[in-house]
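K.L.:
Have a look at the structure that comes next, please.
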Amino acid sequence: MFPLHVYKNRRDRLKGMMPENSLALISAAHETIRNRDSGYPFRQSSDFWYLTGFTEPDAVLIIGPGHPDRLFVRPKNTDQEVWTGRRLGPDRVNTDLGIDEGYPIDDLNSEFTTLLADITSIEYPFYCNNSAGIVDRLVKAEETKSRQENRLSHRADLSRFLHQARLFKSKDEIDVMREAGRISALGHVAAMQACQPGMTEDQLASIIEHTFRMEGSPATAYQTIVGGGDNACILHYINRADKLDSGDLVLVDAGCEVKGYAGDITRTFPVNGSFTEAQAVLYDLVLRAQADAIDAMVVGNSIKSFHEAALRRLTEGLIDLNIIEGPLEVAIEEKRYAAYYMHGTGHFLGLDVHDVGMYEIDSEPVEFSEGMVVTCEPGLYLKKRSDAPTRYRGIGIRIEDDVLITQQGPEVLTEDVPKERSEIEALMRG
Ligand code: GLY
Ligand code: MN
Ligand code: MN
């Protein structure tokens, strides 16, 4: 958790942006039951975590200009706590979380009725099912009680303020993201060192995740992707059931979470420690495309510029290797690269791996700005069943790093894991 004033400042900033006479409702995540007494691993809702630092399920934050901040939490319950762990309880909300007032969650309905008297609009993050469901339920209960339709007809999407705030990382957040980058990199180094032909994809994943845990990260930021050979051409391959074969490349896309913040790294390396000639040519092309893209990640450039830089380099390379036909400008115009490069070059990174924040405002792409963290992850995917020359088939390559945008230029937060071919081969030789 950050110091309490960090969360208070975030709430105050948000309230400063909200219209007068509005209230915002932000819900915690709900624990999903897997069966009987067993739940799926719990992960706090990022919006709620950002504003409170509180990691229990089934809580609701209500804030608004001119109002005290209110947090509704599960009440203390000695019997339940024996089974499912300690609860903070409403009485400690103020002391432990620095939030003005704590209430039991069961009081939400009645308190909401009182609060409604003063307000004309309610704000919540629209995409968040939990918050939306709670607002629906509360408003409906109100309407039933007062026998009035549309008692609270004006609803607005809090994301326009909250998600733009989350997009720009503070120094505290950047420090944590550096740590997520450092630990994620260690996981990839461990994978390169341990990889052997005959291991399964899942065994390699377990080495990465073990490293994350041993370094103090409690969770992965997303499901670890380990794909050998042709499996590397499935972008979000999480099956991990196959053996890794000598002579193939393996693509590893894995990142850990630190205090909720994600690392997101991809490396691609030879299962037996040595790149073949065909693999080397394609690998160096992707690496050059990544370098060009990172060079474009400077304050003031359009957010589209790094994708355009990567595309240009990849398309040029695919033409040189006779994988697609030129000339370059026509190939770009006609998207001839798309059979082999079908995704964007990066995304915002933060509390969510595909983080919140707008890429366009009024249909205009935003500019790279200080404090954004953006991944840079060009790739090439030449499936077994493709029109590529035979020697290139069954090769999937992605190289991904996390880049902090600063006035001094792009800063790579994940550089502790090698990506030059010679460095990878040296590390794998041991
Ligand atoms: N790990 C998911 C992605 O790179 O977008
Ligand atoms: Mn990514
Ligand atoms: Mn990734």
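K.L.:
Select from region 261-278 the residues that are under 30 Å from the mean Cα position of the chain (by Cα), outside any loop (DSSP other than H, G, I, E, B) and more than 10 Å from ligand 1 (Cβ to nearest atom) and list them in ascending order.
P.N.:
Scanning region 261-278 gives Tyr261, Arg267, Thr268, Phe269, Pro270.
K.L.:
Only residues that are within 30 Å of the chain's Cα centre (by Cα) and not aromatic (Phe, Trp, Tyr): list them for region 66-84, please.
P.N.:
Hits for region 66-84 are Asp69, Arg70, Leu71, Val73, Arg74, Thr84.
K.L.:
Right, here's the next one. Looking at (1) part of a loop (DSSP other than H, G, I, E, B); (2) in contact with a strand residue (DSSP E or B) (Cβ under 6 Å, 6 or more places away or on another chain); (3) within 14 Å of ligand 2 (Cβ to nearest atom), which one does Asp253 not meet, given that it meets all the others?
P.N.:
The number of the failed condition is (1).
K.L.:
How do the pairs read when you match residues in region 232-244 that are within 14 Å of ligand 2 (Cβ to nearest atom) with residues anywhere that are of a type in the set (Phe, Trp, Tyr), using Cβ under 6 Å and keeping only pairs 6 or more apart or on different chains?
P.N.:
Cβ pairs passing all conditions: none.
K.L.:
Another question, if that's okay. Going by what's in this entry, would Phe348 be described as within 16 Å of ligand 3 (Cβ to nearest atom) and not basic (Lys, Arg)?
P.N.:
Considered against the rule, which asks whether it is within 16 Å of ligand 3 (Cβ to nearest atom) and not basic (Lys, Arg), Phe348 comes out as yes.
K.L.:
Could you list all residues from region 395-423 that are out of contact with any Cys (no Cβ under 7 Å at 6 or more places or on another chain), buried (at least 17 other Cβ atoms within 10 Å of the Cβ) and aliphatic (A, V, I, L, M)?
P.N.:
Within region 395-423, Ile395, Ile397, Ile399, Leu404, Ile405, Leu413, Val417 qualify.
K.L.:
Taking the condition of being crowded, with 18+ Cβ neighbours inside 10 Å and in a helix (DSSP H, G or I), how many residues in region 297-311 meet it?
P.N.:
6
K.L.:
Another one. Do we find that Ala29 is within 27 Å of the chain's Cα centre (by Cα), part of a loop (DSSP other than H, G, I, E, B) and under 21 Å from Asp107 (Cβ atoms) in this structure?
P.N.:
Spelling it out, Ala29 is indeed within 27 Å of the chain's Cα centre (by Cα), part of a loop (DSSP other than H, G, I, E, B) and under 21 Å from Asp107 (Cβ atoms).
To keep it simple, each residue is scored yes or no on (1) within 16 Å of ligand 1 (Cβ to nearest atom); (2) modelled with pLDDT under 95; (3) on the phi < 0 side of the Ramachandran plot.
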position: Glu308; (1), (2), (3): no, no, yes
position: Gly326; (1), (2), (3): no, yes, yes
position: Asp355; (1), (2), (3): yes, no, yes
position: Gly379; (1), (2), (3): yes, no, yes
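K.L.:
Give the residues of region 372-412 that are more than 16 Å from ligand 3 (Cβ to nearest atom) and among the hydrophobic types (A, V, I, L, M, F, W, C), sorted by residue number.
P.N.:
Met372, Leu382, Ala388, Ile395, Leu404, Ile405
K.L.:
Moving to a separate point now. Looking for whichever is within 15 Å of ligand 3 (Cβ to nearest atom), under 26 Å from the mean Cα position of the chain (by Cα) and farther than 25 Å from Phe348 by Cβ here; the options are Val286, Val226, Val250. Which one fits?
P.N.:
On inspection, the qualifying residue turns out to be Val250.
K.L.:
Additional query: Of everything in region 210-223 that's free of Cβ contacts under 8 Å to residues at least 60 places away in the same chain and within 16 Å of ligand 3 (Cβ to nearest atom), which residue is farthest from Asp172 (Cα to Cα)?
P.N.:
Per the criteria, the residue is Gln223.
K.L.:
Within the bounds of region 260-279, is there any residue that is more than 16 Å from ligand 3 (Cβ to nearest atom), in contact (Cβ under 8 Å) with a residue 12 or more places away in the chain, among the aromatic types (Phe, Trp, Tyr) and touching a helix residue (DSSP H, G or I) at 6+ places or on another chain (Cβ under 7 Å)?
P.N.:
Looking through region 260-279, at least one residue is more than 16 Å from ligand 3 (Cβ to nearest atom), in contact (Cβ under 8 Å) with a residue 12 or more places away in the chain, among the aromatic types (Phe, Trp, Tyr) and touching a helix residue (DSSP H, G or I) at 6+ places or on another chain (Cβ under 7 Å).
K.L.:
Which ones in region 339-372 are surrounded by 12 or more Cβ atoms within 10 Å (Cβ to Cβ) and not in a loop (DSSP other than H, G, I, E, B)?
P.N.:
Listed by number, the residues that qualify are Ala339, Phe348, Pro365, Glu367.
The values are calculated or read from the model by the stated rules, or taken from the named source; none is laboratory data. In this text, all values refer to a predicted model and were calculated from it rather than measured experimentally. Note: ideal-geometry Cβ built from the backbone for every residue, glycine included; neighbour counts use all protein chains shown.
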